[in-house]
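Every read-out reported here was derived from the displayed coordinates using simple, explicitly stated rules and does not represent laboratory data. Treat the numbers as computed from the prediction; the structure is a model and nothing was measured. Virtual Cβ from ideal backbone geometry, glycine too; neighbours counted across all protein chains shown.
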Amino acid sequence: MNRYLLSSALAALAIAMPVAVQAQQIPPAIVVVVDRDRIASTCTQCVAASNQLNAQARTYQARETQLATPLRAEGAAIQAAISALPQGGQPDPALQQRIQTFQANSQAADRELTVAQQTIRRNQQHLVNQNSAALNVNAPPPPQQPAQQQPQQQQQQRRPQGR
């Protein structure tokens, strides 16, 4: 009796097996390759924006050189004047004023270059964001996380019912 039961169970399993395999088939994967570098180098708007960023970078480098050249010369002159002092000697008031002016000019140049550098970085990031948004136009929106929805639901539940 056990033989008949076992053989009929095996036969039922053999018949059901192909159905189970067919139910678990996965559709073939679709792979899309996007060459963002090529798009950025051929897109008219991207090329124009890139040219503007390059111009800003060249302007920054020119200004950096313009500010650094006199500061280097003044710093070397001040260092030579300090080295010429006798050991333990204090700089005269004129040299102290030169040192303070040099430090103030150096700090002002650093602030100016920092602001210009931050502006260029913001512009670069804006360009990257625009390109990413343009490339993701047909992409589905990201799914909302349930965790983000729960606080709103909890706030609605906490509100006292109207009087």
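Compared with the alpha-carbon gap, the fully stretched path from Ala134 to Ala77 is longer by 15.1 nm at 0.36 nm per residue. Modelled label positions at Tyr60 and Leu85, each set 7 Å beyond Cα in the direction of Cβ, lie 3.7 nm from each other. If R0 equals 35 Å, the separation of the Cβ atoms of Cys43 and Gln118 corresponds to a calculated FRET efficiency of about 0.85. Summarising the label geometry, the points placed 7 Å from Cα in the beta-carbon direction at Gln107 and Val33 lie 5.5 nm from one another.
Derived scalar couplings between HN and Hα for the range 119-129 equal 4, 4, 5, 4, 5, 4, 5, 4, 5, 4, 5 Hz in order, rounded to whole Hz, by the Karplus curve 6.51 cos²θ - 1.76 cosθ + 1.60 (θ = phi - 60°), x for Gly and Pro. Here the range 69-127 was treated as a single set of alpha-carbon atoms; its pair distances binned every 5 Å from 0 give 4, 17, 19, 16, 12, 9, 8, 6, 5, 3, 1, 0 percent. Which shape class, rounded, prolate or oblate, goes with the range 27-141 when its Cα gyration tensor gives a ≥ b ≥ c as root eigenvalues, a/c under 1.5 marks rounded, and past that a/b bigger than b/c marks prolate? The shape class here is prolate.
Across the range 53-61, computed HN-Hα scalar couplings (Karplus, 6.51 cos²θ - 1.76 cosθ + 1.60, θ = phi - 60°) run 5, 5, 5, 5, 5, 5, 4, 4, 5 Hz from first to last residue, x flagging Gly and Pro.
Cβ crowding within 10 Å ranks Asp37, Asp110 as Asp37, Asp110, fewest other Cβ atoms first.
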